[in-house]
Amino acid sequence: MGERVSVALLVSTYNWPEALRLVLESVLMQTMLPDEVIIADDGSGDATRAVVDAFRAKTNIPVKHFWHPDEGFRKTIIINQAITGTSSDYIIQIDGDIVMHELFIQDHMSEAEKGYYIRGSRVLLPEHLTKRFLGSGNFEPVSSLSRGIGNRINSLRIPFLAPLLIRKSKRSRNWIGCNCAFWRADFLKVNGYNNELQGWGHEDIELAARFINSGLTQKKIKLKAVCYHLHHPFNSRVHEHINYRVYLDTLNQKIAYCSNGYRTNYHHQLTD
C-alpha cells in the first residue's frame with residue numbers, strides 16, 4: 001500500500017495468563033511491530049494484569065489494557081471499549097490463546113486492502129504441545145509434520161503461492177475472530193460488535209454479516225498470517241442458538257448497523 005497505515009493489534013483475553021504470556025511474547029518476535037497493542041480483558045484477575053505489566057516493561061510499543069468486571073461472557077462489550085482507545089487505521093484481531101508466527105503482522109499488512117475485511121486461519125495445537133509450551137513458558141517452532149496438530153495446511157507459510165488461494169466473497173458465516181483484520185473506519189461505520197450478543201458464540205460472524213451488508217467483501221487468505229491456537233476445553237455454549245438467530249436476522253434483513261454497539265461504549269474504563 002502507498003501511504004503509511006497505522007495498525008493496532010487487538011488481543012481479547014479472559015483468565016488465562018499463562019497463554020496470554022506466550023501470545024505477548026510472540027508480539028516481540030514480529031518482523032513488523034504494531035503501532036500499539038490493545039488488550040480487551042473480559043474480567044480477568046490480577047494474574048492477567050501482572051502479565052500485561054511485565055510485557056509493557058519489555059517493549060516501547062504502547063500497551064493499553066481495557067478491563068471490566070467479570071459478569072459472564074461479555075466479549076463484544078469489552079472489544080468495543082478497547083477499540084474506543086485506538087485511532088489506528090487498521091486493526092488486526094486475535095484471541096488471547098493465539099500465538100503468532102513472526103511474520104504474522106507483516107503478512108496481514110501486505111494483504112490490507114480498502115473495501116475488504118480479512119479472514120485468516122489457524123493451526124490447532126494438540127493438548128500435549130500446549131501443556132509443554134505453557135509449562136516451559138516458551139513457544140517452540142511447530143512443523144506441518146508435528147504430531148497431533150489440526151488444520152495442518154494452515155501451518156504452511158508459502159507467500160509466493162498465497163495469491164493463488166485468496167478467495168474474495170460475500171460470505172460471513174466462516175469468519176473467525178481469533179485471526180482477522182479490518183479497517184477501523186469500516187468497524188465504526190457498522191457500529192462495531194453487537195453488545196446484545198452475550199455468552200459464547202457468533203459475535204464474529206454477526207459483525208461480518210454487517211460488514212457484507214455495508215458493502216464490504218471478505219478476503220480469505222491462506223499460506224500467510226500463520227498462527228497457532230492453544231488447546232483448551234470448549235466454552236459454555238448455552239447462548240449459541242440465541243446468538244445464531246440474531247446473526248440470521250442480520251443477514252436476512254440486510255442490517256448494516258447495530259443500535260447497541262461501539263458508540264454505546266464511549267464511557268469506557270481504561271484501567272492502565
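Does Phe73 satisfy the condition of being in contact with a His (Cβ under 8 Å, 6 or more places away or on another chain), in contact (Cβ under 8 Å) with a residue 60 or more places away in the chain and either part of a loop (DSSP other than H, G, I, E, B) or surrounded by fewer than 21 Cβ atoms within 10 Å (Cβ to Cβ) (or both)? Can you show your working first?
Values: in contact with a His (Cβ under 8 Å, 6 or more places away or on another chain): yes; in contact (Cβ under 8 Å) with a residue 60 or more places away in the chain: yes; either part of a loop (DSSP other than H, G, I, E, B) or surrounded by fewer than 21 Cβ atoms within 10 Å (Cβ to Cβ) (or both): yes.
Yes: the conditions hold for Phe73.
Taken as a whole, segment 31-52 holds no residue that is surrounded by fewer than 16 Cβ atoms within 10 Å (Cβ to Cβ), out of contact with any Pro (no Cβ under 6 Å at 6 or more places or on another chain) and at positive phi. Looking only at residues of segment 179-191 that are crowded, with 18+ Cβ neighbours inside 10 Å and out of contact with any Ser or Thr (no Cβ under 8 Å at 6 or more places or on another chain), we find that the one that is farthest from Lys114 (Cα to Cα) is Cys180. Here Arg171, Arg147, Arg184, Arg210 are screened, and the one residue that is among the basic types (Lys, Arg) and touching an Asp or Glu at 6+ places or on another chain (Cβ under 8 Å) is Arg184.
Looking at Ile158, Ile166, Ile91, can you tell me which residue is out of contact with any Cys (no Cβ under 7 Å at 6 or more places or on another chain), buried (at least 21 other Cβ atoms within 10 Å of the Cβ) and among the β-branched types (Val, Ile, Thr)?
Values: Ile158 fails: buried (at least 21 other Cβ atoms within 10 Å of the Cβ); Ile166 fails: buried (at least 21 other Cβ atoms within 10 Å of the Cβ).
Going through Ile158, Ile166, Ile91 in turn, just one is out of contact with any Cys (no Cβ under 7 Å at 6 or more places or on another chain), buried (at least 21 other Cβ atoms within 10 Å of the Cβ) and among the β-branched types (Val, Ile, Thr): Ile91.
Working only within segment 14-26, note down all residues that are in contact (Cβ under 8 Å) with a residue 40 or more places away in the chain, more than 17 Å from Val142 (Cα to Cα) and assigned to a helix (DSSP H, G or I). Hits for segment 14-26 are Glu18, Leu20, Arg21. Glu113: at pLDDT 95 or above and either assigned to a loop (DSSP other than H, G, I, E, B) or on the phi > 0 side of the Ramachandran plot (or both), yes or no? So Glu113 fits the description; yes. Against the list (1) farther than 26 Å from Trp16 by Cβ; (2) without any contact (Cβ under 8 Å) to a residue 60 or more places away in the chain; (3) surrounded by fewer than 18 Cβ atoms within 10 Å (Cβ to Cβ), the condition Arg210 fails is (3).
For segment 228-249, the condition holds for at least one residue, the condition being that it is polar (S, T, N, Q), surrounded by fewer than 17 Cβ atoms within 10 Å (Cβ to Cβ) and modelled with pLDDT under 95.
The values are calculated or read from the model by the stated rules, or taken from the named source; none is laboratory data. Since this is a predicted model, take the numbers as computed values, not measurements. Positions of Cβ are backbone-derived with ideal geometry, glycine not excepted, and every protein chain shown enters the neighbour counts.
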